[in-house]
Amino acid sequence: MTGTPVLRTARFEELTPGELYGLLRLRVDVFVVEQACPYPELDGRDAEPGTVHLWFADDAGSVLATIRVLENGEDRSIGRVATAVPARGRGLSAQLIRRGIELCDGRTIDIGAQAYLEGWYERFGFRRSGPDYLEDGIPHLPMRRLPG
């Protein structure tokens, strides 16, 4: 990693092939490989017209951290929060979450949080909104951030 990370934002059709590859590779590296969780990463939601991808890249273009913001009718959701191992501990995901919340423009935001991150998401105003559940063998819980 070199230089100061640069925040990038794009809808699917605005992504270059290299950017898309970098986003997907990081998500697969974290969720499928590191967490040993084979699941359908390509769920079709990345290409939806309302989806916004946010990420930090270094000056070489490597993706350091990413999230996506989805439209769910009037509400929004934030997901696919991932940070590359060498970029962890720098607050990049927190910056992305804050920016994602801003993009949601005062709407209700839902997330499916890994259970061990409940306290981390609470820092941003998210609160548990239902019982724990298993998703692909990993404990999760629903969380919601109300407008205001």
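The values are calculated or read from the model by the stated rules, or taken from the named source; none is laboratory data. If you're wondering where the values come from, they're calculated on a predicted model, not measured in any experiment. When we count neighbours, we look across all protein chains shown, and the Cβ atoms used for this are built from the backbone with ideal geometry, even at glycine. Areas reflect the complete protein model, heavy atoms only, side chains present, ligands, DNA and RNA absent. Shrake-Rupley method; radii C 1.70, N 1.55, O 1.52, S 1.80 Å.
With respect to Phe56, is the statement that it is touching a Cys at 6+ places or on another chain (Cβ under 7 Å), of a type in the set (A, V, I, L, M, F, W, C), touching a residue at least 40 places away in the same chain (Cβ under 8 Å) and surrounded by 14 or more Cβ atoms within 10 Å (Cβ to Cβ) true? So that I can check it myself, show each step before the final result.
Working: touching a Cys at 6+ places or on another chain (Cβ under 7 Å): no; of a type in the set (A, V, I, L, M, F, W, C): yes; touching a residue at least 40 places away in the same chain (Cβ under 8 Å): yes; surrounded by 14 or more Cβ atoms within 10 Å (Cβ to Cβ): yes.
It is false that Phe56 is touching a Cys at 6+ places or on another chain (Cβ under 7 Å), of a type in the set (A, V, I, L, M, F, W, C), touching a residue at least 40 places away in the same chain (Cβ under 8 Å) and surrounded by 14 or more Cβ atoms within 10 Å (Cβ to Cβ).
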Task: Neighbours by Cβ (under 7 Å, 6+ apart or cross-chain): first from the range 131-148, touching a residue at least 60 places away in the same chain (Cβ under 8 Å); second part of a loop (DSSP other than H, G, I, E, B) - done: Asp136/Cys37; Asp136/Tyr39; Gly137/Cys37; Ile138/Gln35; Ile138/Cys37
- [ ] Search the range 94-119 for residues that are farther than 11 Å from Arg76 by Cα and pair each with any residue that is outside any loop (DSSP other than H, G, I, E, B) and of a type in the set (D, E, K, R) when their beta-carbon atoms are under 8 Å apart and the residues are at least 6 apart or on different chains.
- [x] Gly112/Glu135; Glu118/Arg128
TODO: Just give me the residues in the range 1-44 being in contact with a strand residue (DSSP E or B) (Cβ under 9 Å, 6 or more places away or on another chain), closer than 24 Å to Glu135 by Cβ and part of a loop (DSSP other than H, G, I, E, B), in sequence order.
DONE: Gln35, Cys37, Tyr39, Glu41
Open item on the list: What's the number of the only condition in (1) open to solvent by less than 60 Å² (accessible area, probe 1.4 Å); (2) modelled with pLDDT of 95 or more that Gly44 fails to meet?
Closed with: (2)
